[in-house]
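To start, the structure itself, in C-alpha cells.
The values are calculated or read from the model by the stated rules, or taken from the named source; none is laboratory data. None of the values given here were measured: they were computed from a predicted structure. Note that each Cβ is placed from the backbone with ideal geometry, even for glycine, and that neighbours are counted across all protein chains shown. In case anyone asks, the SASA skips ligands and DNA or RNA and just uses the protein heavy atoms, side chains included. Shrake-Rupley method; radii C 1.70, N 1.55, O 1.52, S 1.80 Å.
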Amino acid sequence: VQKPGVYSLPDGARVFEAVFLAGGFTSEADQPAINLAATLSDGTQIYVPAIGEPARSLPSGSVGGDPASSTVNLNTASARELEVLPGIGPTTAQAIIQYREENGPFQSVDELLRVQGIGDAKLNAIRELISL
C-alpha cells in the first residue's frame, strides 16, 4: 500500500476500507491476492504481497485471501469500494453508480465500457478485480 501503518476502523469494517485509508495499492501490489471483502477485527494484519512474490504463511489474524473472493461487485459496491480499484477515482466511481441507477444492474463486466471514463485499458486493468 502507499502508506503502510496502523489504522483505526469501526467494527465490521472491510479490507477495502483499510486499503483506502492506506492510500491504495502500489503498482507492485498483487491486488488479486487480497480479499477486499474480508471483515476485519481488532488487531488484524493485512499483508499485500508483491506481484510474483511466492505465497507465504501468514500469522494468525492476518488477511491475505483467496483471489476468487477479492472482487468488488459492480452492482452493489459503494463509491468508496469502487475507488479501491486501480484507476477508479471519485468521478468514475460516481459514473458507475449513476449508470447502474439509470440502466439497472450490470449484466456483464464488458458493459462497463458504456460508462464515461472507462475504456479498454482501464477495464482490462480491473477485470480480475470486479464481479457482478
All positions within the stretch 117-132 that are open to solvent by 50 Å² or more (accessible area, probe 1.4 Å), touching a helix residue (DSSP H, G or I) at 6+ places or on another chain (Cβ under 9 Å) and modelled with pLDDT under 90:
R127, E128, L132
With criteria (1) at pLDDT 90 or above; (2) among the polar types (S, T, N, Q); (3) within 13 Å of L74 (Cα to Cα), T91 comes up short on (3)
Here's a check for you: in the stretch 83-116, which residue that is farther than 25 Å from S27 by Cα, in a helix (DSSP H, G or I) and in contact with a helix residue (DSSP H, G or I) (Cβ under 7 Å, 6 or more places away or on another chain) is most open to solvent (accessible area, probe 1.4 Å)?
R114
So, in the stretch 17-76, how many residues would count as being assigned to a strand (DSSP E or B) and at pLDDT below 70?
2
Inside the stretch 1-49, can you point out the residues that are of a type outside the set (D, E), farther than 28 Å from N124 by Cα and exposed (fewer than 13 other Cβ atoms within 10 Å of the Cβ)?
G5, V6, S8, P10, G12, S41, G43
